[in-house]
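Student: One structure is given below, represented as structure tokens, and several questions about it will come after.
What follows draws every value from the coordinates through simple rules; no lab data is involved. Bear in mind the structure is a predicted one, so any value in this text is a computation, not a measurement. Ideal geometry is used to build each Cβ from the backbone, glycine not excepted, and the neighbour counts take in all protein chains shown.
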Amino acid sequence: MTKNFLSILDLTTGQANALVARAKAMKDADHRSNLLAGKVLVMLFEKASTRTRISFEVAVRQLGGTTVFMTPAESQLGRSEPLRDTARVISRYAQGMIVRTFGQEKLIELTSFSSVPVVNALSDRYHPCQVMSDMLTMYELTPRLSDLTVAWVGDGNNMAHSFVNAAAHFGFSLRLACPEGFDPDPDIVNAARARGAKVELTRDPHEAVTGADYVNTDVWASMGQEAEQKAREKAFAGYRVDASLMALAKPGARFLHCLPAHRGEEVSEEVLEGPASVVFDQAENRLHMQKAILEWLFSEE
């Protein structure tokens, strides 16, 4: 049966924890292999990218494989060919797909008609590779993840959804402070809670951050939401992570951001460039975690 990685909940708790440990071992050993030798992975990107594209291309190469990169302008994705046809054709040419898209339903359709593994490199609903990389970053600094409290300040977006899913596997307490109208999907929250996730919702960033081990945020307007920028700036006023907000967190707390960051908007320059920030460790760890994910997908169990 073909394995896919569309959401953190595609993993069991054991698999999720094993992937973090494996990614850490790969990082420590500067791991290379021939696992993907002779294999080609097609990267279908509807959204532009820096970290996601480079980290995946390097990861595939360090495992011995090669990539073909395609945007809608370079494929039938930008025209009228059904996704089901794209999935079946690529399955005849290549051994996997890495997809960065808008709607989660596109990923679901691709996997329904693909006979090769599909990886969610980002969708509007989830960002599982990023958040699994964040679990690696947290694990390196504070190995007992279940003892931690993580604060999320801002939009209840794809990153927030994947942190909610991660809470179900890794046991940390998650507090999300979102303005009205920008809460995470209640179905995602309720499903994670049913799995035992400790997730709290609040309107008050101060309440979310007080005593937290990690403080996490993201841009107020993601790619594709540019027309909403002014309205979102108004809605998110008071949700900037600055030095005064970080001061409420636990002594030694770290700041997380998936990047790119809008300095002076969702985070102050002082915090982003300050000693609490581990954002570039997060960025580096994309490479190591994605190697672990690819190994899981392509290794026989």
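Student: Could you state the number of Å between the C-alpha centres of region 253-276 and region 156-173?
Tutor: Taking the Cα centre of region 253-276 as reference, the centre of region 156-173 is 20 Å away.
Student: So, in nm, how far is label A48 from label K3 when the simple model puts each one 7 Å beyond its Cα toward the Cβ?
Tutor: For A48 paired with K3, the spin-label model returns 3.5 nm.
Student: Students often check this: by mean Cβ neighbours within 10 Å, which of 155-163, 1-9, 66-74 ranks highest, and how do the rest follow? Provide the component values of the computation, followed by the final result.
Tutor: Details: 155-163: 25.9, 1-9: 17.7, 66-74: 14.6.
Sorting 155-163, 1-9, 66-74 by mean packing, highest first, produces 155-163, 1-9, 66-74.
Student: On to the next question. Determine the alpha carbon to alpha carbon distance for each of K198/K234; K47/K198; K27/K291; K3/K291 and list only those over 20 Å.
Tutor: On the way: K198/K234 30 Å; K47/K198 32 Å; K27/K291 9 Å; K3/K291 15 Å.
Violating the 20 Å Cα-Cα cut-off are K198/K234; K47/K198.
Student: Another question, then. Would you grab the residues whose amide H sits under 5 Å from the one on T67? Only those 5+ places off in sequence or on another chain, please, with H modelled 1.01 Å from N.
Tutor: Here L41 satisfy the definition.
Student: Follow-up question, since we're still on this one. Mind putting together the pair-distance distribution for the chain? All Cα pairs, 10 Å bins, whole percent per bin, short to long.
Tutor: Spelled out bin by bin, the chain gives 6, 29, 35, 22, 7, 0 percent.
Student: Semi-axes of region 246-301's equivalent ellipsoid from the Cα gyration tensor, sqrt of 5 times each eigenvalue, largest first, rounded to whole Å? All intermediate terms of the calculation are to be shown ahead of the outcome.
Tutor: Numbers: eigenvalues 190, 35, 13 Å².
Over the Cα atoms of region 246-301, the ellipsoid semi-axes are 31, 13, 8 Å.
Student: With θ taken as phi - 60° and the coefficients 6.51, -1.76 and 1.60, list the Karplus ³J(HN,Hα) couplings across region 150-167 in order, rounded to whole Hz; mark glycine and proline as x.
Tutor: Whole-Hz 3J(HN,Hα) from phi for region 150-167: 10, 9, 10, 10, x, 6, x, 9, 4, 5, 4, 4, 6, 5, 4, 4, 4, 4.
Student: Hey, another quick one. Find the relative contact order for the chain and round it to a whole percent, using C-alpha pairs within less than 8 Å whose residues are 6+ positions apart.
Tutor: Values: 581 pairs, mean separation 59.6, N = 301.
It rounds to 20 percent for the chain.
Student: So, one more: Kindly express, to the nearest 10 degrees and within the range 0 to 90, the angle between helix 279-298's C-alpha long axis and the longest C-alpha principal axis of the chain.
Tutor: Taking Cα atoms only, the helix is inclined about 40 degrees.
Student: Arrange the following residues from fewest to most other Cβ atoms within 10 Å of their Cβ: Y239, Y214, Y139, Y93.
Tutor: Details: Y239 22, Y214 26, Y139 18, Y93 10.
Fewest to most other Cβ atoms nearby, the residues stand as Y93, Y139, Y239, Y214.
Student: In debye, nearest 20: dipole of region 147-301 around its Cα centre with unit charges on the Cβ of K, R (+) and D, E (-)?
Tutor: The dipole magnitude comes to about 240 debye.
Student: Cα axis of helix 128-141 to longest principal axis of the chain: angle in degrees, 0 to 90, nearest 10?
Tutor: Computed tilt is about 60 degrees.
Student: Here is a further query. Compute the acute angle (0 to 90°) between the alpha-carbon long axis of helix 104-113 and the principal axis of greatest extent of the alpha-carbon atoms of the chain; round to the nearest 10°.
Tutor: The answer is roughly 20 degrees.
Student: Would you mind counting up the charge near R100? Only other residues with Cβ under 10 Å from its Cβ, with Lys and Arg at +1 and Asp and Glu at -1. Numbers along the way, then the final one.
Tutor: Working: positive: K47, R53; negative: E46.
Net of charged neighbours comes to +1.
Student: Starting from the alpha-carbon convex hull of region 1-134, give the projected area averaged over all orientations, in nm². Please list the in-between numbers first.
Tutor: On the way: hull surface 32.3 nm².
Dividing the Cα hull surface by four gives the mean projection, 8.1 nm².
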